[in-house]
Amino acid sequence: MSATRPTTWLVTGASRGIGLELVRQLLSSSEHIVVAACRNPEKATVLKDFKDSSKGRLHIVRLDVSDFDSIRASVKHLESALGELGLDYLINNAGILTQDTAFTLNPEQFLQVVRTNVAGPALVSQVCLPLLEKSVRKVILNISSTAGSLGSVEGWVGGAAGFTSYAMSKAALNMLTVKQKAERPDLTVITMCPGGVRTDMTSKMGELEPEESVAGILKVITSVTSEDSGKYLRYNGEQTRSSPR
Ligand SMILES: NC(=O)c1ccc[n+]([C@@H]2O[C@H](COP(=O)([O-])OP(=O)(O)OC[C@H]3O[C@@H](n4cnc5c(N)ncnc54)[C@H](OP(=O)(O)O)[C@@H]3O)[C@@H](O)[C@H]2O)c1
């Protein structure tokens, strides 16, 4: 009898929204072992229900991406959940949005957005590197936004002047992706906009339900190869324009 090697996943910000839907869809295949990371496991009641019916394929780990000690402390839990399999897919999904503009932004709040949306994901990727190296796929997916695209500022749904801290943080996340790719050509690193998705972040407005966005994200990310590393994609596989015309 030959056992198929499971595919392993880590999803940050898995308590709600896109992260929770990623976990739900991943668990629908018995080939997947999923680590769902969230900052308050006690309050993640839906995740706990998923775990009860996952037959040991779901691990819930405490991880606040804005707390660097929390990120470092999560490593031993990740290692014990994934062991010699390593980590095939790291999805840096956790993120926050603030409403501000270039001439009204609060610099302390801006730093908190950058801490959560970029510095945290950078450190999560660093601490996961040994686990990624052990795996077969070695994929990092940074969940970005069209808001971070210099080429899409004028047409962005949030308006050219709006959500400045968020947009700057996602632009930085896109640059992190390119730098990660350049430093480690053995990894496949993708930055991706999930589309406008009806979650708490958007007050349930947007063109897509989480189910549709996540089905697209998973289709794209499981098909990418090292040739795609560094690309800025949308949930449907289209490429996002990263520079102004
Ligand atoms: N929805 C959209 O239309 C859209 C569009 C473009 C990009 N995105 C990106 O997609 C990702 C997911 O967004 P969403 O729409 O699912 O947002 P959401 O519904 O607001 O969910 C955000 C998730 O991130 C978690 N989170 C926030 N800060 C965290 C921290 N410090 N540590 C750990 N987890 C943290 C939240 O956990 P708690 O439950 O603990 O708060 C929650 O699970 C974000 O990166 C967002 O920027 C979304």
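The values are calculated or read from the model by the stated rules, or taken from the named source; none is laboratory data. Given the structure is predicted, the values throughout are model-derived calculations rather than measurements. With ideal geometry, Cβ positions are generated from the backbone for all residues, glycine too; neighbour counts draw on all protein chains shown. Surface accessibility is based on the protein's heavy atoms, side chains included, excluding ligands, DNA and RNA. Shrake-Rupley method; radii C 1.70, N 1.55, O 1.52, S 1.80 Å.
The table below gives the values:
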{"read-out": "Residue list for the stretch 55-100, restricted to those being within 18 Å of Pro121 (Cβ to Cβ), of a type in the set (Gly, Ala, Ser) and in contact with a helix residue (DSSP H, G or I) (Cβ under 6 Å, 6 or more places away or on another chain)", "value": "Ser66, Gly95"}
{"read-out": "Output for the stretch 223-234, where each listed residue is polar (S, T, N, Q), touching a residue at least 40 places away in the same chain (Cβ under 8 Å) and open to solvent by 50 Å² or more (accessible area, probe 1.4 Å)", "value": "Ser226"}
{"read-out": "Members of the stretch 98-121 that are open to solvent by 60 Å² or more (accessible area, probe 1.4 Å) and either under 19 Å from Pro194 (Cα atoms) or not aliphatic (A, V, I, L, M) (or both)", "value": "Gln99, Phe103, Thr104, Asn106, Pro107, Glu108, Gln109, Gln112, Arg115"}
{"read-out": "Where Leu173 falls short, out of the listed (1) open to solvent by less than 20 Å² (accessible area, probe 1.4 Å); (2) over 16 Å from the mean Cα position of the chain (by Cα)", "value": "(2)"}
{"read-out": "Residues (assigned to a loop (DSSP other than H, G, I, E, B), open to solvent by 20 Å² or more (accessible area, probe 1.4 Å), within 12 Å of the ligand (Cβ to nearest atom) and not aromatic (Phe, Trp, Tyr)) located in the stretch 149-166", "value": "Val157, Gly158"}
{"read-out": "Val178 being closer than 25 Å to Ala73 by Cα, open to solvent by 10 Å² or more (accessible area, probe 1.4 Å) and of a type outside the set (Asp, Glu)", "value": "no"}
{"read-out": "Check on Asp52, open to solvent by less than 30 Å² (accessible area, probe 1.4 Å) and away from the ligand (no atom under 11 Å from the Cβ)", "value": "no"}
{"read-out": "Arg39 being within 16 Å of the ligand (Cβ to nearest atom), more than 30 Å from Gly159 (Cβ to Cβ), open to solvent by 90 Å² or more (accessible area, probe 1.4 Å) and among the charged types (D, E, K, R)", "value": "no"}
{"read-out": "Any hit, the stretch 131-138, residues being of a type in the set (D, E, K, R), at pLDDT below 95 and surrounded by fewer than 17 Cβ atoms within 10 Å (Cβ to Cβ)", "value": "no"}
{"read-out": "Those residues of the stretch 182-229 which are in a loop (DSSP other than H, G, I, E, B), of a type in the set (Val, Ile, Thr) and near the ligand (Cβ under 10 Å from one of its atoms), in sequence order", "value": "Thr199"}
{"read-out": "Unmet requirement for Cys193, which otherwise passes all of (1) farther than 30 Å from Glu31 by Cβ; (2) touching a helix residue (DSSP H, G or I) at 6+ places or on another chain (Cβ under 9 Å)", "value": "(1)"}
{"read-out": "Matching residues in the stretch 71-92 - criterion: being open to solvent by 20 Å² or more (accessible area, probe 1.4 Å) and within 15 Å of the ligand (Cβ to nearest atom)", "value": "Arg72, Ala73, His77"}
